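**Student:** The structure is given below, and queries will be raised subsequently.
The values are calculated or read from the model by the stated rules, or taken from the named source; none is laboratory data. Computed from a predicted structure; not experimentally measured. Ideal geometry is used to build each Cβ from the backbone, glycine not excepted, and the neighbour counts take in all protein chains shown.
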Amino acid sequence: MKKKLTLLSILSIFAVILIASDHIDSPSVINTTSDIADYYAFQGNDEANLAFVVTAQGILTPENSKTTQFDQNVVFQINIDTNADNVEDLVIQAVRRGERMWFFGPVKPSKTGTSINIMQDAKIQDNIAITPYKEEQILKTGVNGIKYFAGVTDDPFFFDIATFLKIKAGEATGFNNPGNDTWSGLNVLSIAVEIPKSLLGDTETINTWATTHRKQ
Amino acid sequence: MKSTYIIFTVIIALVATSCSLNEDAGIKDQEVVTGFDGTFIQEDRVGRPAITTALITPNRKDAFNLAVTKDLNMLFKSDIEAELRKISPALAGTEDKNALGQDAKVLANLLATDVLNVSLVGKTTFFDGTNVLTGRTLDDDVLDTELLLIFGGEGGKENPTLTTDNVKNNDKDFQKVFPYLPTPW
């Protein structure tokens with residue numbers, strides 16, 4: 001199902017290719033299915049829980065959103081360091097299989113670093129139907145009290161990055177007022193998990209980051 | 001003639017890029033993948049917002065994304081310090097500091113370890129006027145915080161046209177309950 005490319009859509013794609021928070025941030029991941037847009041970690045509305053959100057494949061127009069899917073060969077990994085050495089002690093992995101997103105962990109990874117395996121024997125694992133575009137958000141709470149979601153959402157990031165890049169290039173001297181949210185009207189693929197803090201060890205602070213890994 | 005050729009080439013390249021994007025999605029829709037075996041290699045990484053985009057030079061972005069997190073500080077703090085001094089008159093000099101009392105070297109040292117520090121016992125926010133770097137919520141105006149720390153100088157008042165982008169909110173309201181994310185456009 002190919003889309004007709006108008007000059008306008010080509011130019012708008014070109015315009016957004018230049019920009020990001022981590023959206024399309026480097027030559028090799030631009031417009032690939034492993035391109036992470038943003039990462040969030042915050043206390044849930046239930047104070048006993050911590051929520052993690054990873055957004056990816058940014059610059060989804062509503063038209064693109066109809067057909068864009070999570071890549072089954074790309075694993076999303078939420079990395080959690082519980083002892084302040086910036087090495088992941090726990091991971092939560094998410095990978096699509098068919099119309100469902102599978103989640104593994106939190107679990108101690110079999111190996112740390114850039115090369116990983118899916119922790120398919122993890123004691124905590126679950127899967128959820130990926131919410132089809134424009135349909136009611138499908139949510140699930142697993143046996144450990146972990147909540148799951150995967151699907152297309154509005155891009156939650158807001159920033160006038162177009163002007164920022166002009167400033168960096170010396171083409172503007174400052175931001176405009178009012179500013180213009182470059183991400184307005186655009187979507188993103190999102191994965192959200194909310195986890196009881198009790199599953200994250202007994203430390204008071206964690207360090208956390210998101211990675212994507214492609215099957216070799 | 002030459003410029004016409006260049007424009008034509010650019011448009012062809014863009015069409016090719018755009019088409020491959022669509023084909024990508026189309027092919028993957030059909031693909032049947034079963035099982036979870038195999039080795040998966042890192043292609044992208046993110047901790048704090050906009051570090052790769054704003055502070056890592058183009059020729060180093062791939063290296064940043066492919067790096068092991070614990071090595072980032074060692075590999076990139078000098079690059080980030082140089083970039084901070086280059087882009088911000090408020091951090092360019094050896095005496096210059098930001099509102100947290102950090103000079104370019106100290107701020108670079110913090111940012112180069114690109115992780116989100118998240119409190120499990122207190123309020124989680126990127127910055128709320130009191131708490132600093134205890135998490136990142138969806139509605140935190142994270143770029144204003146970063147701009148203030150980069151361009152605002154000691155009192156946060158320097159370069160006022162650079163310390164906020166004047167975009168304070170998302171284009172859709174966030175939900176108060178899981179998954180918090182707004183429905184798509």
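**Student:** Among the residues of region B:64-88, which ones are assigned to a helix (DSSP H, G or I), in contact (Cβ under 8 Å) with a residue 12 or more places away in the chain, within 18 Å of A:TRP209 (Cα to Cα) and at the interface with another protein chain (Cβ under 9 Å from one of its Cβ atoms)?
**Tutor:** Within region B:64-88, B:PHE64, B:ASN65, B:LEU66, B:THR69, B:LEU72, B:ASN73 meet the criteria.
**Student:** Can you go through A:VAL87, A:VAL91, A:VAL95 and tell me which one is more than 10 Å from every other protein chain (Cβ to nearest Cβ) and surrounded by 14 or more Cβ atoms within 10 Å (Cβ to Cβ)? Can you show your working first?
**Tutor:** Numbers: A:VAL87 fails: more than 10 Å from every other protein chain (Cβ to nearest Cβ); A:VAL95 fails: more than 10 Å from every other protein chain (Cβ to nearest Cβ).
So the residue among A:VAL87, A:VAL91, A:VAL95 that is more than 10 Å from every other protein chain (Cβ to nearest Cβ) and surrounded by 14 or more Cβ atoms within 10 Å (Cβ to Cβ) is A:VAL91.
**Student:** Here is a further query. Among the listed residues B:ALA63, B:ALA82, which satisfies the condition of being surrounded by fewer than 21 Cβ atoms within 10 Å (Cβ to Cβ) and under 25 Å from A:ALA94 (Cα atoms)? Full working, then the answer.
**Tutor:** Numbers: B:ALA82 fails: under 25 Å from A:ALA94 (Cα atoms).
Answer to the check: B:ALA63.
**Student:** Hey, B:ARG136 hits all of (1) free of Cβ contacts under 8 Å to residues at least 40 places away in the same chain; (2) surrounded by 22 or more Cβ atoms within 10 Å (Cβ to Cβ); (3) in contact with a helix residue (DSSP H, G or I) (Cβ under 8 Å, 6 or more places away or on another chain) but one; which does it fall short on?
**Tutor:** (1)
**Student:** Separate question: Take region B:154-166 and flag every residue that is surrounded by 20 or more Cβ atoms within 10 Å (Cβ to Cβ) and either among the β-branched types (Val, Ile, Thr) or in contact with a Lys or Arg (Cβ under 9 Å, 6 or more places away or on another chain) (or both).
**Tutor:** The answer is B:THR163, B:THR164.
**Student:** Has region A:65-77 got at least one residue that is within 20 Å of A:ASP202 (Cα to Cα), free of Cβ contacts under 8 Å to residues at least 60 places away in the same chain and assigned to a loop (DSSP other than H, G, I, E, B)?
**Tutor:** No, there is no match, as no residue in region A:65-77 is within 20 Å of A:ASP202 (Cα to Cα), free of Cβ contacts under 8 Å to residues at least 60 places away in the same chain and assigned to a loop (DSSP other than H, G, I, E, B).
Conditions tested, residue by residue: (1) crowded, with 18+ Cβ neighbours inside 10 Å; (2) of a type in the set (Val, Ile, Thr); (3) under 21 Å from the mean Cα position of the chain (by Cα).
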| residue | (1), (2), (3) |
| --- | --- |
| B:LEU107 | yes, no, yes |
| B:ASP128 | no, no, yes |
| B:LEU147 | yes, no, yes |
| B:VAL177 | no, yes, no |
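**Student:** Among the residues of region B:89-117, which ones are assigned to a helix (DSSP H, G or I) and either in contact (Cβ under 8 Å) with a residue 12 or more places away in the chain or under 13 Å from B:LEU55 (Cβ atoms) (or both)?
**Tutor:** Matches in region B:89-117: B:ALA104, B:LYS105, B:LEU107, B:ALA108, B:ASN109, B:LEU110, B:LEU111, B:ALA112.
**Student:** Collect the residues in region A:31-64 that are free of Cβ contacts under 8 Å to residues at least 40 places away in the same chain and buried (at least 23 other Cβ atoms within 10 Å of the Cβ), keeping them in residue-number order.
**Tutor:** Those that are free of Cβ contacts under 8 Å to residues at least 40 places away in the same chain and buried (at least 23 other Cβ atoms within 10 Å of the Cβ): A:PHE42, A:GLN43.
**Student:** Which members of region B:89-132 meet the condition of being in contact with a strand residue (DSSP E or B) (Cβ under 8 Å, 6 or more places away or on another chain) and among the small types (Gly, Ala, Ser)?
**Tutor:** B:SER119
**Student:** Are any residues in region A:187-202 more than 7 Å from chain B (Cβ to nearest Cβ) and modelled with pLDDT of 95 or more, and if so, which ones?
**Tutor:** Answer for region A:187-202, where residues must be more than 7 Å from chain B (Cβ to nearest Cβ) and modelled with pLDDT of 95 or more: A:VAL188, A:LEU189, A:ILE191, A:VAL193, A:ILE195, A:PRO196, A:SER198, A:LEU199.
**Student:** Name every residue in region A:153-174 that is within 28 Å of A:ILE191 (Cα to Cα) and among the polar types (S, T, N, Q), in order of residue number.
**Tutor:** Listed by number, the list holds a single entry, A:THR153.
**Student:** Take the residues in region A:102-131 that are assigned to a strand (DSSP E or B) and more than 12 Å from chain B (Cβ to nearest Cβ), then tell me which one is surrounded by the most Cβ atoms within 10 Å (Cβ to Cβ).
**Tutor:** Only one residue tops the list, namely A:PRO106.
**Student:** Restricting the search to region B:50-107, which residues are among the polar types (S, T, N, Q) and touching a Lys or Arg at 6+ places or on another chain (Cβ under 6 Å)?
**Tutor:** B:THR52, B:ASN65
**Student:** Right, next: Could you please find all residues in region A:128-160 being of a type in the set (A, V, I, L, M, F, W, C) and over 19 Å from the mean Cα position of the chain (by Cα)?
**Tutor:** At the first step, the residues of region A:128-160 found to be of a type in the set (A, V, I, L, M, F, W, C) are A:128-130, A:138-139, A:143, A:146, A:149-150, A:152, A:157-159.
Correct list: A:VAL143 only.
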